[in-house]
Amino acid sequence: MEQLDTTDRKILTFLQRDGRMSNADLAEAVNLSPSACLRRVKRLEDDGYIEGYAMLVNQAAVGKPSNVFAEITLASLSEETVDAFERAIIDCPDVRGCYLMSGDADYLIRIACSGPEGYEHIHRHYLSRLPGVARIRSSFALRTICKKTGVKLDI
């Protein structure tokens, strides 16, 4: 990967704020010609700095206002158990993120759900049936204070 210069960082910052920003508007914002801007964006994509573009759905508007954080401890950390768990969690509905952790729990997952009844369904039909699970410890988020999707870049 090439080193990012100030213009690359500006491009990434603007696109994180608005992934639908037109190339012409982006070029103007970073003081480049549209063709030079498009080449830079393409290079940033090709070099892996831009993973993709996404639209964010309002969880509450689609009936899933609750976030539950579940700490998962596996019965064994054998390669087979870890691989089986990680393959299975990917297909678990409403799991919005899964992280391998240090500390007491092996994994931390975030689940979007309708509330306690929705989480109970996910727990009973998916989480408790995941390969190798020894313990699940869940906490409901009471309110979202901040939610960031971008990465701060020094410009």
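Highest mean packing comes first when the peptides 4-10, 144-150 are listed by Cβ atoms within 10 Å, giving 4-10, 144-150. Computed from the Cα positions only, the extents of the stretch 6-46 along the three principal axes stand at 21, 21, 19 Å, in decreasing order.
Mean projection of the alpha-carbon convex hull of the chain over all orientations, in nm²?
In nm², the orientation-averaged hull projection of the chain is 11.8.
Here is the list for the stretch 51-132: chymotrypsin sites (Phe, Trp or Tyr not before Pro) lying in DSSP coil, each with at most 11 other C-beta atoms within 10 angstrom of its C-beta, are 53.
Computed extension gain for residue 149 through residue 33, at 0.36 nm per residue and net of the alpha carbon distance, reaches 39.0 nm. With r defined as the distance between the Cβ atoms of residue 124 and residue 16 and R0 fixed at 30 Å, what FRET efficiency is calculated, to the nearest 0.05? Between residue 124 and residue 16 the formula returns 0.20. Under a model in which nothing but the beta-carbon of Lys, Arg (+1) and Asp, Glu (-1) is charged, the chain shows a dipole of about 600 debye around its Cα centre.
Comparing the stretch 60-140 with the 2.2 N^0.38 Å rule of thumb, its C-alpha radius of gyration ratio is 1.05 (two decimals).
May I ask you to derive the FRET efficiency for residue 142 and residue 88 from their Cβ-Cβ distance with R0 = 35 Å, giving the value to the nearest 0.05? So, using R0 = 35 Å, E works out to roughly 0.75. Partners of residue 148 within straight-line reach, counting lysines whose Cα lies under 23 Å from its Cα and excluding those fewer than 8 residues away in the same chain: 10, 64.
Taken together, the values in this text are just the output of simple stated rules run on the coordinates, not laboratory data. These numbers were taken from a predicted model, which means no experiment stands behind them. Methodologically, a virtual Cβ is constructed for each residue, glycine included, from the backbone with ideal geometry; neighbour enumeration extends over all protein chains shown.
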